[in-house]
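Shown next, in structure tokens, is the structure this report addresses.
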Amino acid sequence: MNAIRSMTASLAVVVALTASANIQAQSAPGTYTPPAEPGISGVATKQQQDEVMTLMAAYLGLWSAEDPSRQAFEQFVTEDAVFEYPYADEAFRRIEGRRAIRQALGKLPVMASNWTFADLQLYQTLYPHIFFVEYTAKAYVPTTQRIYASRHIARVTVGGGKIANYYELWERDAKAAAFGTTGQHDHGSIARCTMPVRI
């Protein structure tokens, strides 16, 4: 009987200590740690970083290609990929699926020519399959005879070694000035974006 009482008392002490520790942990201020997801290490390897740079080189190469729709999209875009351009015209704001992306991007570069890209920077996030990239773009716009020059920022999500989701912003005033648009579809400035820590 004494053994049962002793075990019950010990159990009560353990429960009380555990409850006390939980209460202290909840009341103490601390840094936020995102919930762990199975299979996600939280740190991108050098190989993953290089992979994203290769994918971006392929994507940017489309803009200087003579016929972007003839490029091998299947090599760097997943079948169910989603490309989003919130500052673009309505038809190009959200494009779903590799075939639709191929058709849409095939139309965009013809609005300007002599595209050049520079200062490509890669930024790591807490997830090894999600990155931010930043670069500058320049092009000649025949309809206005002006030069388009803007900084672009994009969130790139990679799946199976290909782009699964692409979300891009640019300087809306630069686009409006070069292309002669009002910028009425734009909802904010690229300068308001907060960049993650640079790797």
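The values are calculated or read from the model by the stated rules, or taken from the named source; none is laboratory data. Keep in mind that what you see is a predicted model, and the values were worked out from it rather than measured. Cβ atoms come from the backbone with ideal geometry, glycine included; neighbour counts cover every protein chain shown.
Being among the basic types (Lys, Arg), at pLDDT 50 or above and touching a strand residue (DSSP E or B) at 6+ places or on another chain (Cβ under 6 Å) is the requirement here; does Lys175 meet it? No: the conditions fail for Lys175.
Table: residues versus (1) over 21 Å from Arg98 (Cα atoms); (2) in contact with a Pro (Cβ under 6 Å, 6 or more places away or on another chain).
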residue: Leu120; (1), (2): yes, no
residue: Tyr123; (1), (2): yes, yes
residue: His129; (1), (2): no, no
residue: Tyr135; (1), (2): yes, no
residue: Ala139; (1), (2): yes, no
residue: Arg151; (1), (2): yes, no
residue: Arg155; (1), (2): no, no
residue: Tyr166; (1), (2): no, no
residue: Ala174; (1), (2): yes, no
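Among the residues of region 84-104, write down those that are among the hydrophobic types (A, V, I, L, M, F, W, C) and assigned to a strand (DSSP E or B). Correct list: Ile95 only.
Would you check if there is a residue in region 105-119 being of a type outside the set (Ser, Thr, Tyr), exposed (fewer than 14 other Cβ atoms within 10 Å of the Cβ) and assigned to a loop (DSSP other than H, G, I, E, B)?
Taking region 105-119 as the starting set, the residues that turn out to be of a type outside the set (Ser, Thr, Tyr) are 105-112, 114-115, 117-119.
Still in the list and also exposed (fewer than 14 other Cβ atoms within 10 Å of the Cβ): 107, 110-111, 114, 118-119.
Filter again for assigned to a loop (DSSP other than H, G, I, E, B), leaving none.
Scanning region 105-119, I find no residue that is of a type outside the set (Ser, Thr, Tyr), exposed (fewer than 14 other Cβ atoms within 10 Å of the Cβ) and assigned to a loop (DSSP other than H, G, I, E, B), so the answer is no.
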